[in-house]
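The values are calculated or read from the model by the stated rules, or taken from the named source; none is laboratory data. Owing to the predicted nature of the structure, the values given are computational and were not obtained by experimental measurement. Neighbour counts run over all protein chains shown; Cβ positions are idealised from the backbone, glycine included. Ligands, DNA and RNA are excluded from the accessible area calculation, which covers all protein heavy atoms including side chains. Shrake-Rupley method; radii C 1.70, N 1.55, O 1.52, S 1.80 Å.
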Amino acid sequence: MKSGTKQLLLISLLSCKVGSHAAEISTGLEAGYNNGPALFFSGTAARFSRDLDLSARLGMGFTWLNPGNAADARRLFINDATDGSPEKGGGAFNIRFDLLYPLRVPGVTESYFYTGPRFSHFSGQFKYVGGNEEFNVTSSNWGFGLGMQILAPVSSKTAVVFDAGSDYFPPAALSGHDTSYAPDGDHVNARKNYTYKDADNAIRQPKYGLRLMIGLVTRLH
């Protein structure tokens, strides 16, 4: 047998072997509540292992949040001025990875328990109209979450997904203007005798909370 023919045969056999265990890829779009109004996009690989009945999901999303107390934020990160009308807004961008374990729930076609790490970047914007002051307070942190997902098929490739869970993020440093408050007390340009607890009470960065989402999942192949 010629070498070229052998290589072609080998490639064909490998393709068949991989194809017979190929993961099922699907994408999802969900909306709901995650400590605030949230949108979430994900991609899932189901049955990617021949030995374990697991699925892996990677996703990203954004949550709109109330960033905290504007008056306290000003005192902690800038000064004690009280002029101007406060305006505020904020949110958290997050990346999530989950391993999904199939469950057998009576009356439910497809359901999963999931758990995995999360990364969150929070940014709160504070503006004092008429006071000539505007700044952001930010934090970034790794966390952990778990939950349950139920899929209700509406066609051969599409299903409605119901997702309920919770996430936890340990304390993270809060930075704004030229000031930073750290959980270990290693602050930068802290004002007066304010502590990390004061900053954490004033700013509503992600910590822990409930996640309730609904959306659509579409199987690609």
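A convex hull fitted to the Cα coordinates of region 102-207 yields 160 cubic angstrom per residue. Nearest 5 percent is fine: what portion of the DSSP beta bridges confined to the chain is antiparallel? That works out to approximately 100 percent antiparallel. How much of the accessible area of region 51-115, probe 1.4 Å, is carbon plus sulfur, in whole percent? Result for region 51-115: 61 percent of the exposed heavy-atom area is carbon or sulfur.
To the nearest ten degrees, helix 3-20 and the longest principal axis of the Cα atoms of the chain are 60 degrees apart. Calculated mean residue ellipticity, 222 nm, the chain: -4500 deg cm²/dmol, from DSSP H runs (n ≥ 4) at -39500 (n - 2.57) each, averaged per residue and rounded to 500.
Label zone of Ala31 (point 7 Å out along Cα→Cβ, amide N under 17 Å): in region 65-102 this covers 65. Taken per residue, the accessible surface of region 121-180 reaches 48 Å², heavy atoms only and a 1.4 Å probe.
Full extension of the chain between Asn66 and Val154 gives 28.1 nm of extra length, using 0.36 nm per residue less the Cα-Cα distance. Measuring r between the beta carbons of Glu134 and Phe41 and using R0 = 22 Å, the FRET efficiency lands at 0.10. Identify all aspartates and glutamates with a Cα-Cα distance to Lys207 below 14 Å; exclude those on the same chain that are fewer than 8 residues away in sequence. Correct list for Lys207: Asp167. For the chain, averaging the sequence separation of C-alpha pairs within contact (under 8 Å, six or more residues apart) and dividing by the residue count gives a relative contact order of 21 percent.
The modelled label-to-label distance for the pair Tyr101/Tyr168, using points 7 Å beyond Cα in the direction of Cβ, is 1.7 nm.
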